Amino acid sequence: AQSVSQHNHHVILSEAASLELGCNYSYGGTVNLFWYVQYPGQHLQLLLKYFSGDPLVKGIKGFEAEFIKSKFSFNLRKPSVQWSDTAEYFCAVILHGSGNTGKLIFGQGTTLQVKP
Amino acid sequence: EAQVTQNPRYLITVTGKKLTVTCSQNMNHEYMSWYRQDPGLGLRQIYYSMNVEVTDKGDVPEGYKVSRKEKRNFPLILESPSPNQTSLYFCASSLYGGDSTDTQYFGPGTRLTVL
């Protein structure tokens with residue numbers, strides 16, 4: 001079955017540290033890739049997305065992600081985190097092909113805690 | 001303001017008492033979907049709708065019903081709630097579903113507790 005894996009379940013960083021959150025998916029066809037963020041008590045917001053073209057995508061709030069097709073990966077990065085980045089981060093995939101319905105398949109989520 | 005709204009935001013109920021969680025979007029989106037979020041499992045799709053009067057099961061449809069009589073509304077119905085349906089529920093919508101390149105927009109969530 002197709003799946004999305006986020007390797008880090010809980011990450012604790014100090015302010016100004018660099019961030020990289022891993023995301024891998026298992027599907028051999030075309031995909032759309034997303035990172036969503038959920039701040040405490042809030043709904044999911046889109047950070048960035050990849051549909052086609054340049055595999056390095058830039059999102060809001062200084063986040064970026066790189067799609068590496070050969071590794072089935074879409075890791076999220078930020079060079080210098082802030083306390084306000086404390087949130088839960090979800091990687092998600094839409095699979096293209098017959099029988100796929102536009103469903104977002106989510107990873108388990110990574111909780112990021114940034115210490116001031 | 002373009003948005004997805006859900007009501008109620010919080011609900012505590014008892015086993016077996018039918019309830020409905022409403023979802024409405026004002027963006028004229030064709031595709032709408034319900035997810036539930038559980039710790040360690042991320043979000044899982046319950047039901048989705050590609051357009052009015054077109055609904056289908058997602059990954060975890062047992063115990064839920066939906067309807068799509070109007071484009072803007074997509075209520076989630078629990079005919080006989082059970083404690084394992086205690087969860088955080090999100091409604092989402094996008095312009096089109098299927099193999100589109102649309103972004104899904106999420107509502108604020110409904111936290112349901114079934115005692």
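Here are a few things to note about the model shown:
- Matching residues in region A:47-69 - criterion: being within 23 Å of B:G109 (Cα to Cα) and either of a type in the set (G, A, S) or within 12 Å of chain B (Cβ to nearest Cβ) (or both): A:L47, A:L48, A:K49
- Filter pass, A:I105 being within 14 Å of chain B (Cβ to nearest Cβ) and within 27 Å of B:S49 (Cβ to Cβ): yes
- Those strands (runs of 3 or more DSSP E) lying entirely in region B:1-109 with at least 2 residues in contact (Cβ under 8 Å) with a residue 60 or more places away in the chain and within 14 Å of chain A (Cβ to nearest Cβ): B:4-7, B:19-25, B:31-38, B:87-94
- One residue stands out among those in region A:37-53 that are under 19 Å from A:I94 (Cβ atoms) and surrounded by fewer than 13 Cβ atoms within 10 Å (Cβ to Cβ): the one that is modelled with the highest pLDDT, which is A:G53.
- For region A:6-18, the criterion of being assigned to a strand (DSSP E or B) and among the charged types (D, E, K, R) is met by none of the residues.
- Here A:K58 fulfils each of the conditions (1) more than 28 Å from B:Y10 (Cα to Cα); (2) in contact (Cβ under 8 Å) with a residue 24 or more places away in the chain; (3) of a type in the set (D, E, K, R) apart from (2).
- If you go through region B:34-83 and keep only what is surrounded by 14 or more Cβ atoms within 10 Å (Cβ to Cβ), closer than 15 Å to B:L112 by Cβ and among the polar types (S, T, N, Q), you end up with just B:Q37.
- The residues on offer are A:V31, A:V81, and the sole one that is at pLDDT 95 or above, among the β-branched types (V, I, T), surrounded by 19 or more Cβ atoms within 10 Å (Cβ to Cβ) and out of contact with any Gly (no Cβ under 8 Å at 6 or more places or on another chain) is A:V81.
- Residue ID - farthest from the other protein chains (Cβ to nearest Cβ), chosen from residues in region A:24-46 that are among the hydroxyl-bearing types (S, T, Y) and farther than 22 Å from B:G109 by Cα: A:S26
- Verdict on A:N24 being in contact with a Cys (Cβ under 9 Å, 6 or more places away or on another chain) and among the polar types (S, T, N, Q): yes
- Within region B:16-55, restricting attention to residues that are within 15 Å of the chain's Cα centre (by Cα) and charged (D, E, K, R), the residue that is farthest from B:R68 (Cα to Cα) is B:D38.
The values are calculated or read from the model by the stated rules, or taken from the named source; none is laboratory data. Remember, it's a predicted structure, so these values are computed and weren't measured experimentally. Cβ sites come from the backbone with ideal geometry, for glycine too, and all protein chains shown count toward neighbours.
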